[in-house]
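Following: one structure in structure tokens, then a few remarks.
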Amino acid sequence: LDLWMKDLSPSDLGLVLEAANKYQSEGSQKPKSSENLIKKITVGSSHSGGAGIGKFLLENPHVKYLELEWEALRDPLSICEALQSQYSELSVLNLTHNELGPDGAIMLSKALEVNCNLKELDLRENNIGSYAFEKLAESLCFHPSIETLHVEDNELGDAGAN
């Protein structure tokens, strides 16, 4: 589902995700199979704030790739809740330039304590700060599957570098 630079309002994105959800569950004449399911979502520079993405992930745990860039993410908690689901298959999460800040990063660190599928996490340009990054790093120490982590341009300071 490619919604990159589609200039969607939060309600527009919600409607698109609702329609995608409906199509997957009842719109296709074929039985629900893995080849009919949305596995990748790309939303960026659309002004939607990522509205409804967390709910969509909870209802569609088969999504493996989420790229949500330049969205000024309004509800990081819903994405964190989806990450904590025992059914989540999300393996790539790109939240580049979303103004997560320290609070969003700490929420994410708590979600990572229970998620064991994520392999790649991109948090570039989110103003995380050193304290929140320390919390994130602590949770990643016990995360068995993370292979790639991007945290450039986050004001990590000396403490974050350690």
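The values are calculated or read from the model by the stated rules, or taken from the named source; none is laboratory data. Keep in mind the model is a prediction, meaning the values are calculated, not measured. Neighbour counts are summed over all protein chains in view; Cβ atoms, including those assigned to glycine, are modelled from backbone coordinates with ideal geometry. We work out accessible area using only protein heavy atoms, side chains counted, and drop any ligands, DNA or RNA first. Shrake-Rupley method; radii C 1.70, N 1.55, O 1.52, S 1.80 Å.
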Fraction of alpha-carbon pairs over 29 Å apart in the chain - percent
17
GNM result for the chain, Cα springs below 10 Å: residue of Ala111, Ala20, Ala72 fluctuating most strongly:
Ala20
Among Ala82, Ala51, Ala19, residue whose mean-square fluctuation peaks in a GNM of the chain (springs only between Cα atoms under 10 Å)
Ala19
Comparing Pro76, Pro61, Pro144, which has the greatest mean-square fluctuation in the GNM of the chain with Cα pairs linked when under 10 Å apart?
Pro144
Give me the count of lysine pairs in the chain whose alpha carbons sit under 16 angstrom apart, restricted to pairs 8 or more positions apart or on different chains.
13
Phi-derived 3J(HN,Hα) across the stretch 8-16 with the Karplus relation (6.51, -1.76, 1.60, θ = phi - 60°), rounded Hz, x for Gly and Pro, is 9, 6, x, 5, 4, 4, x, 5, 5
Enter the angle in degrees (range 0 to 90, nearest 10) between the Cα long axis of helix 130-141 and the first principal axis of the Cα atoms of the chain, meaning the one along which they spread out most.
70
Computed over the chain, the relative contact order (Cα-Cα under 8 Å, seq sep at least six) in percent reads 17
Can you list the HN-Hα couplings for the stretch 60-66, worked out from phi with the Karplus curve (6.51, -1.76, 1.60; θ = phi - 60°), rounded to whole Hz and with x for Gly and Pro?
9, x, 6, 5, 9, 9, 10
Counting DSSP beta bridges in the stretch 44-162, what percent are antiparallel, to the nearest 5?
0
Roughly how many nanometres apart are two label points built 7 Å out from the Cα toward the Cβ at Ser91 and Lys6?
2.4
Average accessible area per residue (Å²) across the chain - probe 1.4 Å, nucleic acids and ligands excluded
53
In nm, give the distance between the simple-model label positions of Asn127 and Leu149, each being 7 Å from the Cα along the Cα-to-Cβ direction.
2.3
Which length gain, in nm to one decimal place, applies between Leu140 and Val114 when the Cα-Cα distance is subtracted from 0.36 nm times their residue separation?
8.3 nm
Kirkwood Rh in Å, taken over the stretch 94-146 so that all alpha-carbon pairs contribute
10.9
